[in-house]
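Notes for the one structure printed next.
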Amino acid sequence: MADTPGHIQYTRNMVTGASTANLSIILVDARAGVIEQSRRHTAIASLLRIPHLVIAINKMDLVGWSEARFNEIRAEFEQFLPRLGIRDVKFIPLSALNGDNVVEPSRHTPWYSGPTLLSHLETVHIASDWNLRGFRLPVQWVNRPNNPTDPRLHDFRGFSGQIAGGIVRTGQKVMILPGGLTTTVKEIHTYDGPAPEAFCPQSITLVLEHDIDVSRGHMVIGLEDLPGAGVDLHAQVCWMHSRVLQPGKKFWLKHTTHTVQAVVTEITHRINIGTLEQEAAPAGLALNDIGEIRLRTARPLVFDGYAANRLTGSFILIEQGTHATVAAGMLHPPREVVRPDDADFVI
């Protein structure tokens, strides 16, 4: 749970806090109604593909618990919500001062029959938010206990990480990228012990049928719904540094468990956060700006578009001298996907 400031100079805090969220609460003062800040945070929630949105209309006690005022604010939101593509939106009238409609239903809103805020947070369906189509396992650690007293662990070699998409089953064919080697899943180990299958976002250790050289930064993928791979990337970024981003600057790009050198080759345009409309290409991106850029990496990146998979479609840029995180990025869909027949070897 993250509480992010509403002021425009803290846009980067909103982006950071919302990047892994399933649901966003937009807090609205019933007296002020829909202000620029409300539109900006709703637009950022859309940009970051947060699937569930709650418009919490607070301080209803200060407008006499007016149903007409509640409906007026709701109508203002509904004028621009269709353009943002957020499918699940809930409007809740409340007063945080005395807890009206926060935990228990309020006697002051007999005209409202929906859930309280806490009830909605506890029951909103998020299980289907995870991408369960294409299997992705960014390898975080090569697990080699080498315990001579336990025959099972003496030659054990597994690949550990958090599943970033899809479902994996024992006996399933998988590919290791980069390199394109294909093999079979021999064992799946979870916190609760061996399992016949695992799914996103579980943390697991995979044991493969064949002895393949795999290390941190590699990705184990399924042979369906394949990701893209390439060195020329197109992305949206939120710039988080006081120094202006300009083309030609080199950074470390961290994507899942993989870090690679990258250079920003072009800034194509800036995004107006209030409307999500594109503005003319600027000379640079200033602090808290969100814009479209093109990058070139030193080695190919295996990725999905952010809209399809928020885990394999996101990255951060790190300043090389200071190691400061200077940008958070969302990748556009790849132009080309990995093909199984591109494999160097098939085992």
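The alpha carbon convex hull volume per residue for the range 136-222 rounds to 84 Å³.
Please report, largest first and rounded to whole Å, the three semi-axes of the ellipsoid equivalent to the range 228-331, where each semi-axis is the square root of five times an eigenvalue of the C-alpha gyration tensor.
Details: eigenvalues 79, 54, 29 Å².
Listed largest to smallest, the semi-axes of the range 228-331 are 20, 16, 12 Å.
For the range 228-331, relative contact order (Cα pairs under 8 Å, six or more residues apart, normalised by length) works out to 38 percent.
Rounded to the nearest angstrom and listed largest first, the equivalent-ellipsoid semi-axes of the chain from its Cα gyration tensor are 42, 27, 16.
For the range 1-108, the mean projected area of the C-alpha convex hull, equal to one quarter of the hull surface, is 6.7 nm².
For residue 265, the residues 5 or more places off, or on other chains, whose built amide H falls under 5 Å of its own are 248, 294, 295, 296. Kirkwood Rh, the range 77-191, all Cα pairs: how many Å? Kirkwood hydrodynamic radius for the range 77-191: 19.4 Å.
Each part gets one Cα centre, and for the range 91-142 versus the range 281-323 those centres are 30 Å apart. Summing +1 for each Lys or Arg and -1 for each Asp or Glu among the other residues whose beta-carbon sits under 10 angstrom from that of residue 161 gives +2. Taking the centroid of alpha carbons for each part, the range 8-54 and the range 170-224 are 37 Å apart. Counting charges near residue 190 (Lys, Arg +1; Asp, Glu -1) among other residues having Cβ under 14 Å from its Cβ returns a value of -2. Relative contact order, whole percent, for the chain stands at 14, derived from Cα pairs under 8 Å and 6 or more residues apart.
Residue-wise HN-Hα couplings along the range 234-247, as the Karplus relation 6.51 cos²θ - 1.76 cosθ + 1.60 with θ = phi - 60° gives them from phi, are 10, 8, 9, 9, 9, 7, 10, 10, 5, 7, 5, 6, 10, x Hz; Gly and Pro carry x. Among 265, 257, the ranking by other beta carbons within 10 Å of each residue's beta carbon, starting with the fewest, stands as 265, 257.
With a sphere of radius 11 Å drawn around the Cβ of residue 326, what net charge do the other residues whose Cβ falls strictly inside it have (Lys, Arg +1; Asp, Glu -1)? Residues near residue 326 contribute +2 overall. Fewest-first ordering of 10, 191, 112, 306 by other beta carbons within 10 Å of each residue's beta carbon gives 191, 10, 112, 306. Residue ranges 113-124, 228-239 sort as 228-239, 113-124 when ordered by packing (mean number of other C-beta atoms within 10 Å per residue, highest first).
Every number in this text was worked out from the coordinates using simple rules, so none of it is lab data. Owing to the predicted nature of the structure, the values given are computational and were not obtained by experimental measurement. In this analysis, Cβ positions are derived from the backbone assuming ideal geometry, glycine residues included, and neighbour counts consider all displayed protein chains.
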